[in-house]
Every structure is written in C-alpha cells, then in structure tokens.
1. Output the residues belonging to the range 496-540 that are under 18 Å from T345 (Cα atoms) and either open to solvent by less than 30 Å² (accessible area, probe 1.4 Å) or touching a residue at least 24 places away in the same chain (Cβ under 8 Å) (or both).
2. Would you point out the residue of the range 399-419, among those that are farther than 30 Å from V368 by Cα and in contact with a Pro (Cβ under 9 Å, 6 or more places away or on another chain), that is least open to solvent (accessible area, probe 1.4 Å)?
3. Go through the range 453-476 and give me each residue that's under 33 Å from the mean Cα position of the chain (by Cα) and assigned to a strand (DSSP E or B).
4. Which residue is farthest from N536 (Cα to Cα), if the candidates are limited to the range 556-576 and must be touching a Gly at 6+ places or on another chain (Cβ under 8 Å) and among the small types (G, A, S)?
5. Restrict the check to the range 303-325 and report whether at least one residue is open to solvent by 60 Å² or more (accessible area, probe 1.4 Å), out of contact with any Ser or Thr (no Cβ under 7 Å at 6 or more places or on another chain) and closer than 30 Å to L141 by Cβ.
6. Of (1) small (G, A, S); (2) at pLDDT 95 or above; (3) surrounded by 15 or more Cβ atoms within 10 Å (Cβ to Cβ); (4) out of contact with any helix residue (DSSP H, G or I) (no Cβ under 9 Å at 6 or more places or on another chain), G468 satisfies all except one. Which?
7. Taking into account only those residues within the range 421-448 that are open to solvent by 30 Å² or more (accessible area, probe 1.4 Å) and among the polar types (S, T, N, Q), which is farthest from A115 (Cα to Cα)?
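The values are calculated or read from the model by the stated rules, or taken from the named source; none is laboratory data. Only a predicted model underlies this, so the values are computations on that prediction, with no experimental measurement involved. Note: ideal-geometry Cβ built from the backbone for every residue, glycine included; neighbour counts use all protein chains shown. Remember, those area values only see protein heavy atoms, side chains included, never the ligands or the DNA or RNA. Shrake-Rupley method; radii C 1.70, N 1.55, O 1.52, S 1.80 Å.
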Amino acid sequence: MSATPGADVLRVGNCSGFYGDRLAAMRQMLDGGPLDVLTGDYLAELTMLILGKDTMKDAGLGYARTFVTQLEDCLGDALERGVRIVANAGGLNPAGLADRLREVARGLGLDPAIAHVEGDDLRPQAEALGMGGALTANAYLGGFGIAAALRAGADVVVTGRVTDASLVVGAGAAHFGWTYEDRDALAGAVVVGHVLECGTQATGGNFSGFRTLPHDGRPLGFPLAELAADGSAVITKHPGTGGAVTVDTVTAQLVYEIQNTRYLNPDVTALLDTVELTQLDTDRVGLAGTRGDAPPEQLKVCVNTLGGFKNTMELVLTGLDLDAKADWVRSQLDGAFTAAEVSWTRTALPLPDADTEEGASCLLRCTVKDTAPGPVGKAFTGPLVEIALASYPGFTMTTPPGAPSPFGVYTPHYVSRNAVAHTVVHADGTRETVPEPTAFAPLQPDAGKRPSPFPAPADQRTRRLPLGTFVHARSGDKGGDANLGLWVVHDGSPKYDDRVRWLSKLITPTKVRELVPEAADLDVEVYLLPNLGAVNVLIRGLLGDGVAASTRFDPQAKGLGEWVRSRTVSIQDGLL
C-alpha cells in the first residue's frame, strides 16, 4: 500500500479540514504527488448540529454532500493510482452516503469497494443513556473499524463520528498491523492525525507568524504525512504548493483545541509532552518521540440539543457623546423586549478627529435568545425600528430586521463502551463488530498542569511590549470552553530556552484573567508542553453553551490568541 519505493512509510494526505473547505482540494492532492491514503475531516460539533437540522428536513440526508461532488470528480483517478479514500463525511448517515457513492460510481462506470463504519449514532438510546432531547448524540469512535475495512480491500471508507485523528490511526493500523498494545505507534499516529485534521492550518493557515510565509499568490497546500511503523512521521506538503511546513506551523496545529498533556482518544492516550519536532529540510518537519498510554475507559459523546432561537441587531453610534447615545437608546428599550435573555455589547470607541465617518463610529450590538421564536422576532426588532426617528442623533442600523434563527447547545457526555456497537459494513454487505481495547488508564486531569510557584529566577529590568513580540498563539473552542495555545517562536535565537522558561513563568491563571478580563470569574487551567516551548490554557465557560448558542463577539475564540498576543506585558531586556 506504500507509494514510496525502498521505504516502508505510508503517505497519508488530507483534503478537508471542515465541511465547506476548498472543493478542489481532493483533486489538488491527487494530482500533486504520490499518496497512499487521502483523508478528509468534515465533522465538528457545529457540523453535527447542521447535519441534524438537515435530517429534520430529509431523513435521507445527514452527510457532507460536498464530499459526493469531490468524489464524483476524483474517484476514477484515485482508483487508477491506488489511493484509498478515508473520510468522516458520513456524519449522521454513513450508510446513506455509502449508497449514494455507489450510485455515483455506477454512473461513472466504476465498481469500487465502498465500506462504511457505523455504531456511533446513539439517538435511538439517548433517553436511556441520560441524553434526552438530543437532536444528535454521537460517540467518538476509534480507528480500528477503518483499519478492518481497509484490510478487507475497501477503496473508499466513510464513517460517522470517529475522532478526527482516527482517520490516520485506521490507515496506519491497516498498513502496519498495529494492535491496541502498540501504544507508542498508535499515539504517534494520533498526533499525526491531529496535525493533518484541520488541513491548511498545518501549512500556514490561521498562523500568527503569517508574515514569515511566502506570499506568492499560490493557495496554501494541504498537508501530508510520511508515516512510519513506529508512529513517527515527516509532515510535509506537495511540492509547488503555497504556504510552508515549519516547526512553528506544525506546533500551531498541535496546540489547537487540546486540553491537558494527555490527549485522549478511543484507541490510546497520546502523551503530548513527549512529542518532539525537528526541522529536517524545507517544508519537512520530523515528528517523533510520542509515547502512548492506555485509552480512557469511557467514550465521549457529542450531544446537540435545540436550545431555542436568537436574533441580533446592530446600531451605529457616530461622532461625539457615544457613551451617552448608547445609554439613552438602551434606556428607551428597557423593558421593551420579552426575550428570556438580552445582551448588549459595544465595539471599541473610535479615535478623536477621525477623517472618515466610519472611523468616527462604533457599533452597539443587541442579541436576544429565547426558547420560542416569537420573543426574538418582531417582538424584538419592532421596538428597535419604532424609535428610528425618536432616539439619539445619527440613529441607523447595519442591516434590516432579520428573522429568528434556531440555535443548538452542545454538551459532552460519556458512556460505557458497552453502549456502543462499533461496526464495519464491508463492501459486500457483511457486518463486522470491532473489538474494543481491554486495558484502560485513569483520566489524570491534572497531567502537565503548571506548578505554582514556577521555578524560575526573578525578573530583572523589563520593558512593556506586546506578548506577541516573540510568542505565537493559536486558539479555538472546545464546546463552551476556550483553548489558547502559546509558544515561543522558533527563530534560531540563542535565547530560546530562556524565553520558554519566562513564558512558563508568566502564564498563570491569574495572569490569564488579567489579559482576558472577561475570564475574571471563570476557571482557568494552564498546562506546560516544554518539548514544544508551549503552554496551553483552558478557559472554562468563556463561550457559554458553545458556538451555536454563544452571544460572544467571537463565539469560537478563533481570534482570542491574536488578542492576547497584542496585550502588553513586562518582558526582560535580556530576552529581546
């Protein structure tokens, strides 16, 4: 199954980091160079909610329809080149997707072996498992179902809610013959899968060091890994594609949306504080040293429920007396809304003497939520519109009144593995139950937590400068929690070790609350990843009930890291 002569490595590529990613990526990855397996990640907590809404309209849907379009274009070439396709695009209906792909293949005159993995969908038993009212309830499955399908000869494997990394774990287990006892190799594959899963985020996308990238007009290349039998790998990309693969771009993805240093997966627990990265050559980063422990005893379940309806209106405040204008309009609307939740936020005040009207303005945003659509429909927009000629000078809105939109609430649950029937349906229709591991490890939620006090010398002379002076960041969401990874730039400085020690000392829960004032009353956890020169921060509850329900300006915390990098801190002169 290896396309690399003389070396037993498995070349695993990625062509999707989310549902809606670049449509041409599958074609670009197939044409760009040799591959053995091409994976695609289409699912996230929010995606499962979107697919759940799709099934309410048509029970035959529930899968990523863009994947069908991609495969219709690329299936023939993939078969001719011997490239296996593995994707979690099945969403809530992997069987339906497999059937649809067979229809497409017949229309193309092709006869691929298409298998699917199921058993993650717990909706039929959600009530009994304490997840009543769930629109979606999907257990995160491991990679051994995928491995069984590939070993049986599948050309295409589609799944429901496996973990993102399971796409690579399954491909590696099929090729190298791994079992649950090969924990270090499995852990290495989990880390490789985590690097690949978000596509171009490993090659310069959403990268705080973007100014160091080549800006030559070429779209960022999707990543691929040359995976070895021991779980080590080289992270790279096809030649001639845009972006870059560096220790920093790979670190950016490694610290994305993790928690403590024990990265839990259904097949193994990867110890993130053992991962070592090395710049081997241009666009080639070695990933090695990853150790693994037994997996957790329970499986995580992504549960989405319909939380209600929400609506937002934005008012423009311009010129002088902006605080007074905001106060007046809010007082005029006090008691006018019937929604269960009303929140007001305002953007930053403009600089004085602005030379454009837009530069002299800020936005006052009102968001309402309720379990019913009525209170967030005209009952909300009507009172705002009615005072258009009876409020502050310059009253205007950024958009016409909009209709209410439904929102979902994401909640993680945990279930016994006995409640989940991890099953492979092979291309010939035979069904195979995937055996589960028999040894498990405790969760150890404090693994890697920053010690307090941190052993480091006292600061000497310092200067007030942005944290991002030599620190990169990547942030995102884990349900209602925000994840913030910070690490010292790998720029060849002889001060690197001292900078890492300084960052590890600086970032405490108290300091995070200072840098992110809205976290003042929230639980903050800080974990150390010394091999990566990084700290990982978890801010519990910053995003409320998750992206779909959040009223926060940045509901997925995507910009949180860039904001924190811009905050001013005291940096020792000797580190500059």
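1. Hits for the range 496-540 are V516, E518, A519.
2. Here the residue is R417.
3. R464, L465, P466, V471, H472, A473, R474, S475, G476
4. Taking the candidates together, the pick is S566.
5. The answer is yes, given that some residue of the range 303-325 is open to solvent by 60 Å² or more (accessible area, probe 1.4 Å), out of contact with any Ser or Thr (no Cβ under 7 Å at 6 or more places or on another chain) and closer than 30 Å to L141 by Cβ.
6. (4)
7. Among residues in the range 421-448 that are open to solvent by 30 Å² or more (accessible area, probe 1.4 Å) and among the polar types (S, T, N, Q), the one farthest from A115 (Cα to Cα) is Q444.
Here is a yes/no grid of residues against (1) within 19 Å of N304 (Cα to Cα); (2) assigned to a loop (DSSP other than H, G, I, E, B):
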| site | (1), (2) |
| --- | --- |
| G96 | no, no |
| G109 | no, yes |
| L129 | yes, yes |
| V192 | no, no |
